[in-house]
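J.: Have a look at this one.
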Amino acid sequence: MATTARTPNPADRFHEVLEACAPYVAGAFDLSDRGGPEYTVVVRGRSATHVRKLARRVGELIGVRPEGEAPDGSEPWLVVDGGDVVAHLLTDASLQRYGLVEWFGSGAEAPADVFVTAMIERAHLLQQGRRSA
């Protein structure tokens, strides 16, 4: 399988993701003030299949594989974590359930929802691992 060449500039990769997902972008955020990535995008897919297709495309752009699923196996929540560019891809039902866009936009502490907290902790651990490597 051929590997897509990564654009070295994080801002350029972020804009490529925004262009690829333009009709489905629910929000774009700079979370660096909270220890997160400067370039974070939340994408709303029409269905679980659509979310997976978008996640594969974003993964090709960022240069990493999508990860994650809902713990109960229902609606997917896929994360494509390229370190400095991170995309969260969810269905509309998942976006409403977890309130991710509202939380990212609010500047508030992590919500009480255990799954959201677990995903945030997982993202931090992944980033810490990349930074120390």
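J.: Taking the range 79-89, which residues are in contact with an Asp or Glu (Cβ under 7 Å, 6 or more places away or on another chain) and more than 12 Å from Pro37 (Cα to Cα)?
T.: Val79
J.: Just for the range 85-119: of the residues that are touching a strand residue (DSSP E or B) at 6+ places or on another chain (Cβ under 6 Å) and closer than 17 Å to Pro66 by Cα, which one is modelled with the lowest pLDDT?
T.: Filtering first and then ranking leaves Ser94.
J.: Answer with yes or no whether Pro10 is surrounded by fewer than 18 Cβ atoms within 10 Å (Cβ to Cβ), at pLDDT 85 or above and not small (Gly, Ala, Ser).
T.: Yes: the conditions hold for Pro10.
J.: So, one more: Suppose we filter the range 49-66 for residues that are modelled with pLDDT of 90 or more, among the small types (Gly, Ala, Ser) and out of contact with any strand residue (DSSP E or B) (no Cβ under 6 Å at 6 or more places or on another chain); how many remain?
T.: Residues in the range 49-66 being modelled with pLDDT of 90 or more, among the small types (Gly, Ala, Ser) and out of contact with any strand residue (DSSP E or B) (no Cβ under 6 Å at 6 or more places or on another chain): 0 in total.
J.: Return yes or no: is Thr91 polar (S, T, N, Q) and closer than 19 Å to Pro8 by Cα?
T.: no
J.: Within the range 21-48, take every residue that is modelled with pLDDT of 90 or more, in a helix (DSSP H, G or I) and not small (Gly, Ala, Ser) and give me the one that is surrounded by the fewest Cβ atoms within 10 Å (Cβ to Cβ).
T.: Per the criteria, the residue is Pro23.
The values are calculated or read from the model by the stated rules, or taken from the named source; none is laboratory data. Quantities reported herein were computed from a predicted structural model and do not represent experimental measurements. In this analysis, Cβ positions are derived from the backbone assuming ideal geometry, glycine residues included, and neighbour counts consider all displayed protein chains.
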